[in-house]
1. Ignoring ligands, DNA and RNA, what percent of the 1.4 Å accessible area of the stretch 39-136 is carbon and sulfur?
2. Report, ordered by chain and residue number, the lysines lying within cross-link reach of Lys112, taken as a straight Cα distance under 18 Å and ignoring same-chain residues fewer than 8 apart.
3. Could you tell me what percent of the DSSP beta bridges with both partners in the stretch 93-179 are antiparallel, to the nearest 5?
4. Before I look further, what does the chain give for accessible area per residue, probe 1.4 Å, in whole square angstrom?
5. Can you tell me the orientation of helix 3-13 relative to the chain, as the angle in degrees between its alpha-carbon axis and the longest Cα principal axis, to the nearest 10?
6. Angle, helix 41-54 long axis vs. longest principal axis of the chain, Cα atoms, 0 to 90°, nearest 10?
7. Project the alpha carbons of the stretch 141-223 onto their principal axes and report the range along each, largest first, in whole Å.
8. Angle check, please: helix 67-77 long axis (alpha carbons) against the longest principal axis of the chain (alpha carbons), in degrees 0 to 90, nearest 10.
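The values are calculated or read from the model by the stated rules, or taken from the named source; none is laboratory data. This is a predicted model, so every value here is computed, not measured. So basically every Cβ, Gly included, is an ideal-geometry build from the backbone, and we count neighbours across all protein chains shown. When the accessible area is computed, the model is the full protein with side chains, heavy atoms only, and any ligands, DNA or RNA have been set aside. Shrake-Rupley method; radii C 1.70, N 1.55, O 1.52, S 1.80 Å.
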Amino acid sequence: MSARDNILQRLRAAPQGTPPLAPDVRAFHLACSAGAPVSTRAARIELFCEKMAFWHGEVVRVTRETWPQKLAQLCAAKGVRSLLHGESYAAALTGAGIGGLKPYDRPVEEWKQELFEDTDASLTSTRGGIAETGTLIIWPDANEPRLMSLVPPIHFALLDAGQLYDTLFAAIVGQGWSASMPTNALLVSGPSKTADIQVTLAYGAHGPKELIVLLLVDEEEMQ
């Protein structure tokens, strides 16, 4: 008998212990939040904006009617010559008069150099946001691949204020993540950053140098 077989035999013959109980995550979070004031939509919006600013991200409040025009203004102000986007936004972006539109409509191998070297900004949707940490929830798919939020120097993200949650746990429960998740779920807090070199924080090292969140709010929430 080889040493490997001997080890496996001993492992199989070892007495079986009692499987450990799974932690009660819901009870843990309920205990942590006990006594905390009931969150409101307004409070979540304010906290999200505050935390996103802390991470050097920018939040611009817009309505469902005005966001394409506001995006056009931002693109003009930042000198954006080309904007990568998913097909679902093509009509709204064209209607706003935004030039240099690039739909992500082909495999990356067919236009890798253009994508990496000649694309100024991108616009992506989001699945929601986390107020506690100022974080975007992004679930890439075939229509909006991961590279859209990773490659261009400027990342515009459209976020519905109604999909802001207090905590990551609240988002997981509220959106039913346990039932279905993508192969690549992203949590994004501000532009890309690293402190690998001399422990000095630098932005834009591994992705966008700017993150601008277009926060969809009601007219009375515009400030």
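1. 51 percent
2. Qualifying lysines at Cα under 18 Å: Lys102.
3. Working: 3 of 10 bridges.
Antiparallel: roughly 30 percent of the beta bridges in the stretch 93-179.
4. On the way: 13120 Å² over 223 residues.
Accessible surface, normalised per residue, equals 59 Å².
5. Here the helix axis deviates by roughly 80 degrees.
6. 90 degrees
7. Rounded to whole Å, the extents work out to 40, 37, 27 Å.
8. Long axis of 67-77 versus the principal axis of the chain: about 80 degrees.
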